[in-house]
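Novice: This is the structure I have questions about; it appears just below.
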Amino acid sequence: MKKRLLPILGVVLLVLLGGGYYAAQLAADRLVDEKLQATLARLGNSTSVQYRDLHVNLLRQSVTLSDVAIRLKDGRHGSIGAVVVKNFDRKHMKAPHFLALELEDLTIPVDEQNFRAELPAVQELGLQALVVDVAVDYRYDPDARRLTVSEFDVDIAEGGSFRMAFALENFVVEQLRQQQVDDLALASFSMQYKDKTLLRGVLLAAGEEEKELLRFVEDWLKEEVALAKQKQDATATASLQALLAYMQKPADFSMELALKQPLTMAKINPIKKISELLGLFTINIR
C-alpha cells in the first residue's frame, strides 16, 4: 500500500510546486506591471509609452516588454519589438549602479516627424526606417570609483554594427557634473566597427553636397600620413592610409581598436595630432 502511495504523493507534490510557481509568476507579472504603469504615469503628456505584454522570468530574474510603442509630445515616434531587462539595481532606481538590458528591433521610421529638416539627408541612406538592436551591460562601484561597461553594442540593420567595452577609474558623478575630469582615467578600451551601407552612404551623399569639407578632411589625412611616416610610426601610417583610401573610394570598412595601456585625461589633453592619438591604441583597419 505504501509503495502505491509514493507515486501519487510525488504527482501531488509536483502539482503543488507547479501551481505555486505559476501563482508566483502571475503575482510577479502583476506587481512589475503595476510599478511600471505608475512610473509611466509620472511622464505625463510628454511621452506616451504603450506595450502589448509584460513577462517576468523568475528563474532568470529577467523582465520582458513586448511590442512597445513610443510617441513624444513633439511627434517623434518609434517602436521596440522587445525590451529585455536582464539585471537591474533596484536599490538605486533613479541612477542604477548596474544594468543589463537588450532592445530588439528598435524601429525609427524615416519620416518628417522624426527627422524634420534633416530628413533629406537621412533619406539619402536609402532606408525606410532605422532598425536597431542595442545591448548594454554596465556596473558602477562608487566605493572603488570605477565604471565598467562590459557591453555596449549597436547593430543597425543593413547599416553597420558597433561594439564597445571600457572601464573608467576615478569615476565620480559629482566631479563630472562640475567638469572636474583631470583625475579620470581610462583603464581599458576596445571597439569594433563594421560598416555595411551607413558610413558609405554618408560619405557618398557628402561627396555631392560637401565637396569642400571632404577635400579638407582628405588633405588633413594626407598631412597626418606624412607626419606618421616622418616619425617612422608604421602602425599609425598604415591606419591613416587605410582611412585616406576609404575617404577617396568608400567600400567595405571595418575597424578594431584597443587601448595599449591605461590613460589619464591629463595625458590626452596635450595631444594635438591624430597620429599621436592613434599611437596610444592597437588599430586594425580593413
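The values are calculated or read from the model by the stated rules, or taken from the named source; none is laboratory data. It should be emphasised that the depicted structure is a prediction, and the values quoted were computed from it without experimental measurement. Here the Cβ positions follow ideal geometry from the backbone for every residue, glycine too, while neighbour counts run over all protein chains shown. Please note that ligands, DNA and RNA were not included when accessible areas were found on the heavy atoms of the full protein model with its side chains. Shrake-Rupley method; radii C 1.70, N 1.55, O 1.52, S 1.80 Å.
Novice: Would you point out the residue of the range 89-104, among those that are under 18 Å from Phe152 (Cβ atoms) and among the charged types (D, E, K, R), that is surrounded by the most Cβ atoms within 10 Å (Cβ to Cβ)? Full working, then the answer.
Specialist: Our first condition is that a residue be under 18 Å from Phe152 (Cβ atoms); within the range 89-104, this holds for 89, 95-104.
This time we only want the ones that are among the charged types (D, E, K, R), so: 89, 102, 104.
Working: Asp89: 13, Glu102: 18, Glu104: 16.
The residue in question is Glu102.
Novice: Answer with yes or no whether Leu199 is more than 25 Å from Asp133 (Cα to Cα) and part of a helix (DSSP H, G or I). Can you show your working first?
Specialist: Values: more than 25 Å from Asp133 (Cα to Cα): no; part of a helix (DSSP H, G or I): yes.
So Leu199 does not fit the description; no.
Novice: I've got another one for you. What is the one condition in (1) farther than 30 Å from Glu212 by Cβ; (2) more than 27 Å from the chain's Cα centre (by Cα) that Lys272 does not satisfy?
Specialist: Evaluating Lys272 over (1) farther than 30 Å from Glu212 by Cβ; (2) more than 27 Å from the chain's Cα centre (by Cα) leaves (1) as the failure.
Novice: I'd like to check something: does the range 188-197 contain any residue that is modelled with pLDDT of 85 or more, over 18 Å from the mean Cα position of the chain (by Cα), under 18 Å from Thr264 (Cβ atoms) and open to solvent by less than 70 Å² (accessible area, probe 1.4 Å)?
Specialist: No, the range 188-197 contains no residue that is modelled with pLDDT of 85 or more, over 18 Å from the mean Cα position of the chain (by Cα), under 18 Å from Thr264 (Cβ atoms) and open to solvent by less than 70 Å² (accessible area, probe 1.4 Å).
Novice: Still on this structure: Mind checking which pairs have a first residue in the range 94-108 that is more than 26 Å from Pro142 (Cβ to Cβ) and a second that is outside any strand (DSSP E or B), Cβ under 9 Å, 6 or more apart or different chains?
Specialist: Taking only residues 6 or more apart or on different chains, the pairs are Asp105/Ala157; Ile108/Arg76; Ile108/Asn114; Ile108/Phe115.
Novice: Here are some conditions: (1) crowded, with 16+ Cβ neighbours inside 10 Å; (2) of a type outside the set (Val, Ile, Thr); (3) within 14 Å of the chain's Cα centre (by Cα). Glu151 meets all but one. Which one does it not meet?
Specialist: Glu151 satisfies every listed condition except (1).
Novice: What number goes with the only condition from (1) within 20 Å of the chain's Cα centre (by Cα); (2) open to solvent by 60 Å² or more (accessible area, probe 1.4 Å) that Thr107 does not pass?
Specialist: Answer for Thr107: the failing condition is (2).
Novice: Also: Mind checking which residues of the range 121-142 are farther than 14 Å from Phe98 by Cα and either open to solvent by 50 Å² or more (accessible area, probe 1.4 Å) or in a helix (DSSP H, G or I) (or both)? Write out each step before concluding.
Specialist: Going residue by residue through the range 121-142, those that are farther than 14 Å from Phe98 by Cα are 121-134.
Correct list: Ala121, Val122, Gln123, Glu124, Gly126, Gln128, Asp133.
Novice: Of all residues being open to solvent by 40 Å² or more (accessible area, probe 1.4 Å) and not in a helix (DSSP H, G or I) in the range 234-254, which is nearest to Tyr193 (Cα to Cα)? Just the residue, please. Show your work before the answer.
Specialist: Pass one, the range 234-254, residues open to solvent by 40 Å² or more (accessible area, probe 1.4 Å): 234-235, 238, 241, 243, 245, 247-249, 251-252.
Keeping just the survivors that are not in a helix (DSSP H, G or I) gives 249, 251-252.
Working: Lys249: 18, Ala251: 14, Asp252: 11 Å.
Here the residue is Asp252.
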